[in-house]
Amino acid sequence: MASFKTLDDIGAVSGKRVLVRVDLNVPVADGKVTDATRIERIAPTIAELSKKGAKVILLAHFGRPKDGPSAEFSLEPIARATAEVLGRPVGFAADCVGDKAAEAVAAMKDGDVLLFENTRFYRAEEKNEPAFTEKLAANGDIYVNDAFSAAHRAHASTEGLARHLPAYAGRTMQAELDALEKGLGNPVRPVVAIVGGAKVSTKIDLLMNLVKKVDALVIGGGMANTFLAARGTDVGKSLCEHDLAGTAKQIMIEAAEAGCAIILPADGVVAKEFKAGAASETVAIEAVPADGMILDVGAKTVQSVNDWIDRAATLVWNGPLGAFEIEPFDRATVAAAKHAAARTKAGKLVSVAGGGDTVAALNHAGVADDFTYVSTAGGAFLEWMEGKPLPGVEVLKR
């Protein structure tokens, strides 16, 4: 983290207006937050700044409003949920710029916490328009970005503000960047990556980048079928992008040139229909029936994956090994996740995971808390794994 400015570099903040970009894009039903994980993650930064006497002003987006302000996309209910998590009052300003915002800030006392209304009520936010950024900056003396999940967007509140105010990474951003550095930036080797999911087409850049950076790449989920088919294996009626056979072959060629082992399924759990409790059997990958679908990998493949995890010092995971949402096709993902968690708890593995399905799968396996770091960032995590610079991170560099 030496290359990024953090709260350790910020100096005295008492009486200062600190604009903190956070991720409050949380699930809401009937006006209530149903999962406060993202709020819980930003709590340390808010508490630290508040304790030091800063006037903490939270900037966030919620959903994808298209036509300006609306009750549907208001952050007001989330202000109440944030107050509950913090155990202290959180004020709410009905705008993020202009008179309403300025008046709310003027009424703040040292240590107070205030949430501005949805920044995406203004199209200028996503366009990163300088005039709008200046209006946001007018309410602050210091800028802190604690929303890694939005760092892949060059928006006014995620990138523009860092060009107008002294800028720092919050504790959640810092933890994420530290974990990612351990995962791929400067990892302890050997490094093993597990990449699953439905389609190769959504992860071409990711796979191309990983084969140059890791020692072994485990490919699971539906995308493994595309690689198997490219290798000449008949995958029956399994999900498969046959038109990407050339891309799969090129990835395997580049992996060989880089000295990266590609691990594909040796056996599969096959069913004729995709539904809970469907009749299934485990077959060698070369023996998939013409009317069968591969919905999970078999015990032989799980053992191979676990053997690679045993060899690894660092594990990066994005995507499940099978259709984990439906039993019994969750078994391989759960087994490998528990094995990685046990190695991590034993101090033998640095494990970094991220992506929506991955987080859900690790929670399903009951081991999310046992990994070294689990990112909730989604798109930003994926772009980082693809090797792309993230605008909201680049502006925090020293």
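Quick notes on this structure:
- Ordered by 1.4 Å accessible area with all protein chains kept, LEU115, LEU382 run largest first as LEU382, LEU115.
- Within the same chain, aspartates and glutamates fewer than 8 places from LYS51 are excluded, and of the rest, those with a Cα less than 15 Å from its Cα are ASP8, ASP110, ASP112.
- Protection proxy ranking, peptides 230-237, 48-55, 140-147, average beta carbon neighbours within 10 Å, highest first: 140-147, 48-55, 230-237
- Here the relative contact order of the chain, from alpha carbon pairs under 8 Å that lie six or more residues apart, stands at 16 percent.
- Relative contact order for the range 272-398: 20 percent, from Cα pairs under 8 Å spaced at least 6 residues apart, divided by residue count.
- Across HIS339, HIS61, the residue with the most accessible area heads the list, and the full order at a 1.4 Å probe is HIS339, HIS61.
- Filter on LYS32/LYS275; LYS16/LYS182; LYS16/LYS388; LYS100/LYS127 - keep pairs with C-alpha separation over 25 Å: LYS32/LYS275; LYS16/LYS182; LYS16/LYS388
- Within the range 1-147, percent of DSSP bridges classed antiparallel, to nearest 5: 10 percent
- Counting only DSSP beta bridges whose two residues both lie in the chain, roughly 25 percent are antiparallel.
- For GLU76, the solvent-accessible surface computed with a 1.4 Å probe is close to 90 Å², ligands and nucleic acids excluded.
- Accessible surface ranking that places the most exposed of SER238, SER280 first, with a 1.4 angstrom probe: SER280, SER238
The values are calculated or read from the model by the stated rules, or taken from the named source; none is laboratory data. Not measured: the values here are computed from a predicted model. FYI the Cβ positions are ideal-geometry reconstructions off the backbone, even for glycines, and counts take in every protein chain you see. Remember, those area values only see protein heavy atoms, side chains included, never the ligands or the DNA or RNA. Shrake-Rupley method; radii C 1.70, N 1.55, O 1.52, S 1.80 Å.
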